[in-house]
Structure formats: structure tokens, C-alpha cells
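Colleague: Right, I'll just put the structure down here and ask away after.
The values are calculated or read from the model by the stated rules, or taken from the named source; none is laboratory data. If you're wondering where the values come from, they're calculated on a predicted model, not measured in any experiment. Heads up, the Cβs are rebuilt from the backbone with ideal geometry, glycines too, and the neighbour counts pull from every protein chain shown.
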Amino acid sequence: MSALFYPMKIGNVEIPNRFVNSATHECMAKETGEISDDLIKRYERLARGGVGLIITGLMSVHPSGRAYKYQTAIHHDRMIPGLKRLVDAVHQAGGRIAFQLAHGGRQTTKAMIGQTPLAPSSRGRDPINFVKPKEMTQADIMEVVKAFGTASKRAVEAGADAIQLHGAHGYLISEFLSPFFNIRKDSWGGSDENRFRFLKEIYQEIKKVVPASFPVLIKLNTNDYTPKEGITPPLAAAYSGWMAELGINALEVSCGATNYSYMNMCRGDVPTAELVKGLSWWKKPIGHLMIGKLEGKYDLAEGYNLEAAKLIKPVIGDTPLMLVGGLRTVSHMEYVLENNYADFISMSRPFIREPFLVNKIKEGKLDKVSCVSCNRCLAAVPNEIPVYCYNKSQILR
């Protein structure tokens, strides 16, 4: 049997194979943040398609952390019934589901949240939203820490199998961890240990309020690719070791800060026309110029986070490691597992295109995913339309 189909436990939850649906903002929730029927159908299909563990798109834990118009929210008890419907649908289809919990930090707008976006530091204006964030006070920080805890309790009440903290892609946890975003001089910054404190406090708050056996996962950047140095693979390895010591149940490694290095995060084609379409009229000319310059510079290399994973895996002991980033061929996926570079194969775009991909691999019907990394699916986000495969020439049903 292929290494891809050996079961493995994450905490107390047995995952039947090594495939993970990597969290992707779906743009499918109601404008209120509540679960929609379309969002349930998306994850039900993935469960029926054989995905071992489904991680949802980022769920906002606090009103100030909302990053997108149609983003799922978990900041209030009124969200629980819809979240329970989602979990029940996935479970009935034979799947397992983790909620990704997040705060958007500086990667949002005043129009979206009704206030100036929050960040560890007020450094610079966001290159996408042109917003200069507000440096968080001690009270702001502790309010968000508590919000992650109460959101975790809601995840448990809704029946989720696990949660994943979004510590990547330039959102708030990632901002605190990064020397580029976090230039504070108090006990929340100024050293690697202090920058790690925000994540540590969140984790400890969560462990106070959820059952002892409930799995807590994290997604971590291994390289921010910001204009000045942020998280790098050696720093990510240090953070990973500290997370393992805390008791994190699984770690997923990624890269790129969404608003600063979008194409490092999702390498492949640069869909300039689709990305620019969602910009305000006055941003379109500069958008064409800036995004157009990226074309041809981010060709997909299979497993582009693998070298960082090789650095991190030895320092986290028995903590399962999930690898995301351009994994496209079955032979390469098996190579990663068989050499113990990672324990799970995490994918996003291939599952958007082929929700039944895992079943096809298990049945020996394919040895390579059909996703061509055109990135039109992800270009849907700035246009506020649902994430689907928009490669019209090759749509698969």
C-alpha cells in the first residue's frame, strides 16, 4: 500500500490517510459571517472525495479581525448552529474537519471592520489596502488572546475535530512572529522569545478552555518574503521547536505574506487581468503595472516549501508535520513521506479543481493532479466571488 494511505493520529483523532485540504478562504459565507449552503457543499464534496483532514478557510475570531466580506466568522455564539451543520455534513460524508482560527491583523480595511486595522506595530502602509495600522495596546492584545479562546470553545461545541491557528501569510499571529511586522520594544517584541509570546499566550488560553484531548494545530510561515527580513527558515525552525515543547498537535509549513508576497505563497501563473479586475478604479492602472511585472517570475516548482520542512522536521520530534506548496505528482508525495520529510501532504488548488482527487489516487486512476496552477481560483478572492476552478478550458466536474 502507498504511504499516502496509511492512517496516522493527530492528537486523539485518527486521520485515515495522509491528505490534508489546506485552508483556503472560500468567499462563500454569508455577509454576516454565518455558514452558507454552498460552503457546506464544498466541504461535503471533499469529505466524499476521500480527503483525510479538511481544514476550513480562515474563520474570524473577533470583529476587528475580519479580513474579507464573505469570510466565515466564529466570534459569536450565533455562529454555532451553522458551524454545527457544516461539521455534521462532513462527518456524515466520512470526513474529519478542523476549523482554522484567525485574526486579519493589518490585512483588512477600516471599511471592513469599522476601525483602523490592528497590528503589533504601526509600521508602514499596507501595499494593497494603503492603510497604516494602529499599534495594539496591552488591552487590545489580551482581548484578542481571549477571543481565540472563546472561538475555540465554539469550535468544540460545534463538534469540530480540531482547530488550526493561522500563524502564516501575514495575518495577526504571523505579524507578531515576524521581525518585519513586529518592531515593538516591549515584552511582545524586541526578541524572538518576545515575538513568540503572542502565539504562546493564545495557545495557553485555548488549552484552559477546551478538553485536554482536543487537537490544536498551527500553520506557520517558513519565509515571509517581505521587503526586509521577516521570518526565515532558521527562525521558523526555532519557533517550531518551541511549539512542539508547548504541545502543539501538528504543524503545517507554508510561506509568503498575503499582501506583501502573494505569489510566493501560491506559485504558478500570475492572472493579472483577474487580479486587477477586483481593484478600485483608481488602483487599476498601478495594479496592472505592479502585478504585470510579476508575470513569469513565480513558475511552480514542485514542493517549494520542502527544503524548509527538512530543516524543521528534526526539531519537532514526533509532532506531525504537514507540507503544503506545489505538490502535484503522486511519486513526489510518496517520496516526501517515505523519507520522513513530512507526515501529511497538504494541498489547496488541486482540491479546488478535483474534490475527488484522493479517491482517484487510491483507485490508481491518476499519478498527477490536473491543476495547472493558473491561480484563477485564488484571484476570485479580491473579486469577492466564490473560490472555484475558473480554468474554463479544462473544468472538471
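Colleague: Restricting to region 98-155, what's the tally of residues that are basic (Lys, Arg) and without any contact (Cβ under 8 Å) to a residue 60 or more places away in the chain?
Modeller: Qualifying residue count for the region: 6.
Colleague: Right, something else. Cβ-Cβ under 9 Å, sequence separation 6+ or interchain: first residue in region 10-38 and over 20 Å from Leu83 (Cβ atoms) and modelled with pLDDT of 95 or more, partner buried (at least 18 other Cβ atoms within 10 Å of the Cβ) and among the hydroxyl-bearing types (Ser, Thr, Tyr). Which pairs?
Modeller: Phe19/Ser346
Colleague: With the requirement that a residue be among the aliphatic types (A, V, I, L, M), in a helix (DSSP H, G or I) and within 18 Å of Ile55 (Cα to Cα), what does region 131-182 give you?
Modeller: Within region 131-182, Ala151, Ala155, Val156, Ala158, Ile173 meet the criteria.
Colleague: Further question: Suppose we filter Ser121, Ser152 for residues that are under 22 Å from Asn223 (Cβ atoms) and among the polar types (S, T, N, Q); which single one remains?
Modeller: Of Ser121, Ser152, the one residue that is under 22 Å from Asn223 (Cβ atoms) and among the polar types (S, T, N, Q) is Ser121.
Colleague: Another question about this same structure. Filter region 178-213 for residues that are under 17 Å from Gln138 (Cβ atoms) and basic (Lys, Arg); which is surrounded by the fewest Cβ atoms within 10 Å (Cβ to Cβ)?
Modeller: My answer is Lys185.
Colleague: Can you tell me how many residues within region 258-307 are aromatic (Phe, Trp, Tyr) and in contact with a Pro (Cβ under 7 Å, 6 or more places away or on another chain)?
Modeller: Selection size over region 258-307: 1.
Colleague: Based on what the data block shows, is Gly33 of a type outside the set (Asp, Glu), under 17 Å from the mean Cα position of the chain (by Cα) and closer than 30 Å to Thr226 by Cβ?
Modeller: Spelling it out, it is not the case that Gly33 is of a type outside the set (Asp, Glu), under 17 Å from the mean Cα position of the chain (by Cα) and closer than 30 Å to Thr226 by Cβ.
Colleague: Moving on to the next point. Scan region 329-343 for residues that are under 20 Å from Lys9 (Cα atoms), over 21 Å from the mean Cα position of the chain (by Cα) and surrounded by 17 or more Cβ atoms within 10 Å (Cβ to Cβ) and jot them down.
Modeller: Once the filter is applied, which keeps residues that are under 20 Å from Lys9 (Cα atoms), over 21 Å from the mean Cα position of the chain (by Cα) and surrounded by 17 or more Cβ atoms within 10 Å (Cβ to Cβ), region 329-343 yields only Leu337.
Colleague: Tell me, yes or no, whether region 257-267 has at least one residue that is hydroxyl-bearing (Ser, Thr, Tyr) and at positive phi.
Modeller: Checked region 257-267: no residue is hydroxyl-bearing (Ser, Thr, Tyr) and at positive phi.
Colleague: Quick one: how many residues across region 382-397 are modelled with pLDDT under 90 and in a helix (DSSP H, G or I)?
Modeller: So the count comes out to 4.
Colleague: Which residue is farthest from the chain's Cα centre (by Cα), if the candidates are limited to region 217-243 and must be more than 17 Å from Arg197 (Cβ to Cβ) and of a type in the set (A, V, I, L, M, F, W, C)?
Modeller: If we take residues in region 217-243 being more than 17 Å from Arg197 (Cβ to Cβ) and of a type in the set (A, V, I, L, M, F, W, C), then Ala237 is farthest from the chain's Cα centre (by Cα).
Colleague: Select from region 141-198 the residues that are touching a Pro at 6+ places or on another chain (Cβ under 6 Å), more than 24 Å from Ala250 (Cβ to Cβ) and charged (D, E, K, R) and list them in ascending order.
Modeller: Result: Arg184, single match.
Colleague: State yes or no: is Met136 surrounded by fewer than 23 Cβ atoms within 10 Å (Cβ to Cβ) and either closer than 20 Å to Ile74 by Cβ or of a type in the set (A, V, I, L, M, F, W, C) (or both)?
Modeller: Spelling it out, it is not the case that Met136 is surrounded by fewer than 23 Cβ atoms within 10 Å (Cβ to Cβ) and either closer than 20 Å to Ile74 by Cβ or of a type in the set (A, V, I, L, M, F, W, C) (or both).
Colleague: Then there is this: Which condition from (1) crowded, with 22+ Cβ neighbours inside 10 Å; (2) within 17 Å of the chain's Cα centre (by Cα) is the one that Pro382 breaks?
Modeller: (1)
Colleague: Go through (1) of a type outside the set (S, T, N, Q); (2) without any contact (Cβ under 8 Å) to a residue 24 or more places away in the chain; (3) buried (at least 21 other Cβ atoms within 10 Å of the Cβ); (4) not in a helix (DSSP H, G or I) for Gly364 and report which single condition fails.
Modeller: It is condition (3) that Gly364 fails.
Colleague: If the Cβ limit is 8 Å and pairs must be 6+ apart or interchain, which residue in region 156-175 that is at negative phi and surrounded by 24 or more Cβ atoms within 10 Å (Cβ to Cβ) pairs with which residue that is modelled with pLDDT under 95 and among the hydrophobic types (A, V, I, L, M, F, W, C)?
Modeller: Sorted first by the residue in region 156-175, then by its partner, the pairs are Ser174/Ala257.
Colleague: Can you list the strands (runs of 3 or more DSSP E) lying wholly within region 214-328 that have 3 or more residues being touching a residue at least 60 places away in the same chain (Cβ under 8 Å), among the charged types (D, E, K, R) and buried (at least 21 other Cβ atoms within 10 Å of the Cβ)?
Modeller: Answer list for region 214-328: none.
Colleague: Is it the case that Leu199 is in contact (Cβ under 8 Å) with a residue 12 or more places away in the chain and part of a helix (DSSP H, G or I)?
Modeller: Answer is yes for this residue.
Colleague: Among the residues of region 114-171, write down those that are out of contact with any Gly (no Cβ under 9 Å at 6 or more places or on another chain), closer than 25 Å to Met265 by Cα and of a type in the set (A, V, I, L, M, F, W, C).
Modeller: Correct list: Ile128, Phe130, Val131, Phe148, Ile163, Leu165.
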